[in-house]
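Take a look at the structure set out below.
Read-outs: derived from the displayed coordinates by stated rules, not from any lab. Worth saying up front: this structure is predicted, and the values here are computed from it rather than measured. Cβ atoms come from the backbone with ideal geometry, glycine included; neighbour counts cover every protein chain shown.
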Amino acid sequence: MTQVVFHTTLGDITIEVDHKNAPMSAANFVQYAEDGFYNGTIFHRIIPNFVVQGGGLEPGMENKTTRAPIENEADNGIKNLKGSLSMARTMDPNSATSQFFINLKDNDFLDHTTKTPQGWGYAVFGRIIDGMDVVENMAKVATTSRQGHQDVPVEDILVENTTVKSAE
């Protein structure tokens, strides 16, 4: 198992990545982490009792340049449960790049149901194994609208750096 630790301005979050059930999403996330891509990014969307999203914007709401999108693995049987990480995407089911979200509660309506635009769902590829308290503290910060984005923290929550480690 691979673990990715986000060292954030609010504390550390340790993620266990699921290579077995979500091989493309897991490899994609780990590669971004190993490349240092997430360093200096912000958690740019926080909706209490729903999700915390990050992985693609820098302070000032500047988009980072990503690699090509990956195939949606939401049909892997893993559920969008509290503490799980899923790939964020647009309306196109196969548009996920670097952004991810952390479920703050069980969000079964985000799970795969059918291979249609409405039923594709969001691919779960990991889970928080330490630092869920940090994520829950993120959900308590004040948010605003900024540059066309809603639910943006008033004060940036930054990923200062990332550590990737293999845990056997």
TODO: For the chain, with a Gaussian network of springs between Cα atoms less than 10 Å apart, report the residue from MET91, MET24, MET132 with the top mean-square fluctuation.
DONE: MET91
Task: Net charge of Cβ neighbours under 10 Å - reference ASP106; Lys, Arg +1; Asp, Glu -1 - done: +1
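Which whole-number percent is the relative contact order of the stretch 110-162 (Cα, under 8 Å, 6+ apart)?
About 18 percent, as a whole number.
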TODO: Per DSSP H run of n ≥ 4, the term is -39500 (n - 2.57); total these for the chain, divide by its residue number, and report the mean residue ellipticity at 222 nm rounded to 500 deg cm²/dmol.
DONE: -3500 deg cm²/dmol
Task: Area projected by the alpha carbon convex hull of the stretch 2-166, averaged over all directions, nm² - done: 8.4 nm²
Open item on the list: For Cα pairs less than 8 Å apart in space and 6+ apart in sequence, what is the mean separation divided by the residue count of the stretch 6-131, i.e. the relative contact order in percent?
Closed with: 31 percent
TODO: Based on alpha-carbon positions alone, could you give the equivalent ellipsoid semi-axes of the stretch 44-124 from the gyration tensor, as √(5λ), descending, whole Å?
DONE: 21, 17, 9
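Which value does Rg/Rh take for the stretch 1-84 over its C-alpha atoms, Rh per Kirkwood?
Working: Rg = 13.3 Å, Rh = 14.2 Å.
Computed over Cα atoms, the ratio is 0.94.
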Task: Over the stretch 108-163, volume per residue of the alpha carbon convex hull, in Å³ - done: 158 Å³
